[in-house]
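Working notes, structure below.
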Amino acid sequence: MFFGFISIMATLNQRRKNFNKHIYRRPGRPVLKGSPQRRGVVIRLRICTPRKPNSAKRPVVKLFLTTKRKTIAHIPGSGHTLRRHSRVLISGVGARDLPGVNYTCIRGKYDCDSISTKTKRRSIYGVKLPADKKTHVRRRLREMIKK
């Protein structure tokens, strides 16, 4: 039995009809409204448990942002000094194993204190480079430039 040839390509009229239709793409972090970071005020502090293979108690805050929207953000690192009405800066990087948490608080900015004991991965926890290391880094840079 022959069913005929099924055309996969679109006809010229079909192409002309659908030419100007754009595919709608949902923005990844709508609360930020295109900004890299946003400031918010803490409404509520909570502790969440992560998805299945992991188990822990992760600190999370509910925030009221400057965009007049509410969202949930994760507090990275161990320990924090946040409470209600604290000011926080958030970025669009979420905790991967916390469902519905698409933002992270930036440590070392506003009321979210940095973790002073950290020596590695300092940028995540808002710790500045110690003064003795600064001179060492500058010296190495000067040597590299001279060569």
Index of the failed condition, SER55 passing every other in (1) among the hydroxyl-bearing types (Ser, Thr, Tyr); (2) within 22 Å of SER35 (Cβ to Cβ); (3) in the same structural domain as LEU32 (by TED's automatic domain parsing): (2)
Test: residue in the stretch 21-31 that is touching a strand residue (DSSP E or B) at 6+ places or on another chain (Cβ under 7 Å), outside the structural domain of LYS128 (by TED's automatic domain parsing) and under 26 Å from VAL127 (Cα atoms): no
Odd one out for SER55 among (1) among the hydroxyl-bearing types (Ser, Thr, Tyr); (2) without any contact (Cβ under 8 Å) to a residue 12 or more places away in the chain; (3) surrounded by 10 or more Cβ atoms within 10 Å (Cβ to Cβ): (3)
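The values are calculated or read from the model by the stated rules, or taken from the named source; none is laboratory data. If you're wondering where the values come from, they're calculated on a predicted model, not measured in any experiment. No Cβ is skipped: glycine too gets one built from the backbone with ideal geometry, and neighbour counts run over all protein chains shown.
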